[in-house]
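Peer 1: Just passing along the structure, written as structure tokens.
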Amino acid sequence: MYDPLHDKSPGCGAPYPKSYWAENADIETNAPASDGQINQDVDVDVAIIGAGYTGLSCALYLAREHGIKAHVLEANQTAWGCSGRNAGFILKSSGRKSYSDMAQKWGEEVMRGIYDEMCAGVETVKSLIAEGIDCDVQTRGFLKVAHKPSKLAELISQAKLQQKTFAGIKNSDVEILTRNEVRQQYMDDKNAYGAIRYQDGFGLNPLKLAWGYQRLAREAGAKVHTSSPVLDILDEGHQQKLITPQGVVTAKKIVIATNGYTPKGFHSLTTDRTLPVLSQIIVTEPLSEQQLADCNFLTSNVVMDTRALKYYYRKLPDNRILFGGRGAITGKSADDPYYAQRLLTVLKTSFPPLAKLNYQYAWSGWICMSLDDLPHIYQNPKKNVFYSMGYCGSGVSFSVQAGKRLAEKVAEKAIDPKIENLPLYNCQLPKFPFAPLRRVGQWGYFHYGKIKDEWL
């Protein structure tokens, strides 16, 4: 499997992975039309590298709100990377940094500003879906489940803080649930010892969502070129030359929207500032009515636990269970069935009546971790190279807001100073110390996390 820390290109025109999303979306019939491969030299105002959520959102808002018709360059297929491989959770999430940590570091005003941006991201996604994107949206609700009794007290404290801090904010309600309430009203998860429930998260088909963004972007005037990997970037002062296999794209400004799939040494502005981490997902066979009843599986809400090495799941529209967690450390090991089987084993500890259940789909994808656990939207001093990266596994909704903010920066439009001065927008991704040893650190964290989740 392509490994961003070792490989200099994700390929050219590679097919989608054999995921549940790709099969359920019906690629042959429903995949959106693109503008094909770059097959000649072309001059453009703005070139966007990567046709995932960030790149497509940036292209859409550049065209709609600023009259700039960008060209999106995608190495393989639209949403071939994590935008088409994730679990499809729409959450008001901010990477891995908690709101209490933000308040402690920057103060309550900054914390509220970041929260507002995350809320805006969810609302932007919902508004675009309302324009006719068919992406299998499920019932709203997000359960954060305590995986051991001691974690419930932490969840309750978190809920009370949010109830106090965000009182009066639309859709900020958070409900505290006991172990019995979780098991009787939502699902009989034997690893659940209570939960807090947010009313505004939901699940969908992430690949269909990205296809919808592409359709809207192209209708607004953007161009989306698939099978057009950027092999090199040449800085020629007032312009950037992007070298693709069949043509050179000369742009006044470029946007790097490759996130966890950014190739090794791709650009000096992003080198050593991210850690790509594999997330593994399985989708089971459809559950029978008896199996659903035996597990009291009543909910289609999205679910995530409190582990350092988190597990997450949801019931899909056809009564399969999607279950995800960490995958291999390297791309070389990504397809080892051990990782999918491990998830199935954990799933069965939560739902013992499913002891004979098998998984039917298994795939993995690179998420993008940042050193400070926050995404960053940034530009170089000359303001002709821009990026948004570091969603830390929580980018399905915020990446669209990031694309919108990128469009404002590219178009040189004034942004409210309160927003512009948020840590998300006013500083670059910090460099990883001892960057060549990032994977060693990751290995160490995985082992620490395993001990913490079991004993601490």
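The values are calculated or read from the model by the stated rules, or taken from the named source; none is laboratory data. Given the structure is predicted, the values throughout are model-derived calculations rather than measurements. Note: ideal-geometry Cβ built from the backbone for every residue, glycine included; neighbour counts use all protein chains shown. Just the protein is used for accessible areas: all its heavy atoms, side chains included, with ligands, DNA and RNA removed. Shrake-Rupley method; radii C 1.70, N 1.55, O 1.52, S 1.80 Å.
Peer 1: If the cut-off is a Cα-Cα distance under 19 Å, which aspartates and glutamates reach Lys148, setting aside same-chain residues fewer than 8 apart in sequence?
Peer 2: Qualifying aspartates and glutamates at Cα under 19 Å: Glu175, Glu181, Asp188, Asp189, Asp305, Asp453, Glu454.
Peer 1: Which angle between 0 and 90 degrees, to the nearest 10, do you get for helix 395-410 versus the longest principal axis of the chain when only C-alpha atoms count?
Peer 2: The two axes meet at around 20 degrees.
Peer 1: Could you tell me which of Cys58, Tyr16, Asn86 has its Cα farthest along the dipole of segment 1-113 towards the positive end, charges placed at Cβ (Lys, Arg +1; Asp, Glu -1), taken about the Cα centre?
Peer 2: Asn86
Peer 1: From the helices alone, meaning DSSP H stretches of at least four residues, give me the mean residue ellipticity at 222 nm for the chain, per-run term -39500 (n - 2.57), in deg cm²/dmol to the nearest 500.
Peer 2: Taken over the chain, the calculation gives -10500 deg cm²/dmol.
Peer 1: By the scheme Lys and Arg +1, Asp and Glu -1, what is the net charge of all other residues having a beta-carbon under 11 Å from that of Glu65? Don't skip to the answer; put the middle values down first.
Peer 2: On the way: positive: Arg64, Lys404, Lys413; negative: Glu408.
The answer is +2.
Peer 1: On a C-alpha basis, how far is the centre of segment 1-72 from the centre of segment 290-367 in Å? Whole number, if you could?
Peer 2: 28
Peer 1: From Cα pairs below 8 angstrom and at least 6 apart in sequence, can you work out the relative contact order of the chain, rounded to a whole percent?
Peer 2: It rounds to 25 percent for the chain.
Peer 1: With +1 on each Lys and Arg Cβ and -1 on each Asp and Glu Cβ, and nothing else charged, work out how big the dipole of the chain is about its Cα centre, in Debye to the nearest 20.
Peer 2: Using only the charged Cβ atoms, the result is roughly 1020 debye.
Peer 1: On full extension of the chain, what length is gained from Glu219 through Lys105, given 0.36 nm per residue of separation minus the C-alpha to C-alpha distance?
Peer 2: Gain on stretching Glu219 to Lys105: 36.8 nm.
Peer 1: I'd like the distance between the alpha-carbon centres of segment 202-276 and segment 389-456, rounded to an integer number of Å.
Peer 2: When both Cα centres are located, 18 Å separates them.
Peer 1: Here's something else I'd like to know. List the extent of the Cα atoms of segment 361-456 along each of their three principal axes, largest first, rounded to whole Å.
Peer 2: Projected onto the principal axes, the Cα atoms of segment 361-456 cover 50, 35, 26 Å.
Peer 1: Under the classification rounded if a/c is under 1.5, otherwise prolate if a/b is larger than b/c and oblate if not, where does segment 273-353 fall, given a ≥ b ≥ c as square roots of the Cα gyration tensor eigenvalues?
Peer 2: Prolate is the answer for segment 273-353, as a/c is 1.5 or above and a/b outweighs b/c.
Peer 1: Moving on to the next point. Using the crude model of +1 on Lys and Arg Cβ and -1 on Asp and Glu Cβ, and no other charge, please compute the dipole size for segment 16-171 relative to its Cα centre, in debye to 20. Before the final figure, lay out each step's value.
Peer 2: Working: 17 positive and 19 negative charges, 254 e Å.
Rounded to the nearest 20 debye, it is 1220 debye.
Peer 1: Right, next: What label, among [x] 0.99; [y] 1.23; [z] 0.95, belongs to Rg/Rh (Cα atoms, Kirkwood Rh) computed from the structure on display?
Peer 2: Working out Rg/Rh (Cα atoms, Kirkwood Rh) from the coordinates points to [z].
Peer 1: Run down the aspartates and glutamates and flag those whose C-alpha is under 14 Å from the C-alpha of Lys241, throwing out any fewer than 8 positions away in its chain.
Peer 2: Within reach: Asp41, Asp43, Asp45, Asp232.
Peer 1: With every protein chain present, what is the per residue accessible area of segment 103-177 (1.4 Å probe, Å²)?
Peer 2: On the way: 3710 Å² over 75 residues.
Heavy-atom SASA per residue in segment 103-177 reads 49 Å².
Peer 1: Over the alpha carbons of segment 23-76, what is the largest minus smallest coordinate on each principal axis, giving the biggest first in Å?
Peer 2: Principal extents (Cα only, largest first): 36, 28, 15 Å.
Peer 1: Find how much the distance from Asp416 to Gln360 grows on full extension, using 0.36 nm per residue of separation minus their present alpha carbon separation; answer in nm with one decimal.
Peer 2: The Asp416-Gln360 span can extend by a further 15.4 nm.
Peer 1: Turning to a different aspect of this structure: Sort the following peptides by mean Cβ neighbour count (other Cβ atoms within 10 Å, averaged over residues), highest first: 391-400, 356-365.
Peer 2: The packing order, highest mean first, is 391-400, 356-365.
Peer 1: Report, in degrees rounded to the nearest 10, the 0 to 90 angle that the Cα long axis of helix 108-129 makes with the longest principal axis of the chain.
Peer 2: That helix lies at roughly 80 degrees to the long axis.
Peer 1: Multiply the residue separation of Cys12 and Ile176 by 0.36 nm, subtract the distance between their alpha-carbon atoms, and state the gained length in nm to one decimal.
Peer 2: My answer for the length gained is 54.2 nm.
Peer 1: Can you tell me the order of 89-97, 305-313, 420-428, 56-64 when each peptide is scored by its average per-residue count of other Cβ atoms within 10 angstrom, highest first?
Peer 2: The packing order, highest mean first, is 56-64, 89-97, 305-313, 420-428.
Peer 1: FRET efficiency for Thr29 and Phe446, Cβ-Cβ distance as r, R0 = 45 Å, nearest 0.05?
Peer 2: Values: r = 40 Å, r/R0 = 0.89.
Plugging the Cβ-Cβ distance into 1/(1 + (r/R0)^6) gives 0.65.
Peer 1: Just to be sure I follow the rule: in segment 351-456, considering lysines 8 or more places apart or on different chains, how many pairs have Cα atoms under 21 Å apart?
Peer 2: Count of close lysine pairs: 12.
Peer 1: Sticking with this one: Averaging over all projection directions, find the projected area of the Cα convex hull of segment 165-319 and quote it in nm² with one decimal place.
Peer 2: With the hull built on Cα positions only, its mean projection is 14.9 nm².
Peer 1: With angles folded into 0 to 90 degrees, how steeply does helix 337-350 sit against the dominant principal axis of the chain? Use alpha carbons for both and round to 10.
Peer 2: In the chain, helix 337-350 runs at an angle near 40 degrees to the longest axis.
Peer 1: Here is a follow-up. If you take every DSSP beta bridge whose two residues both sit in the chain, what share of them, in percent to the nearest 5, is antiparallel?
Peer 2: In the chain, approximately 70 percent of DSSP beta bridges are antiparallel ones.
Peer 1: Output the pairs from Lys97/Lys126; Lys105/Lys144; Lys97/Lys310; Lys264/Lys310; Lys92/Lys223 with a Cα-Cα distance over 18 Å in this structure; if there are none, say none. List each step's numbers first, then the result.
Peer 2: Values: Lys97/Lys126 24 Å; Lys105/Lys144 24 Å; Lys97/Lys310 14 Å; Lys264/Lys310 27 Å; Lys92/Lys223 30 Å.
Those over the limit are Lys97/Lys126; Lys105/Lys144; Lys264/Lys310; Lys92/Lys223.
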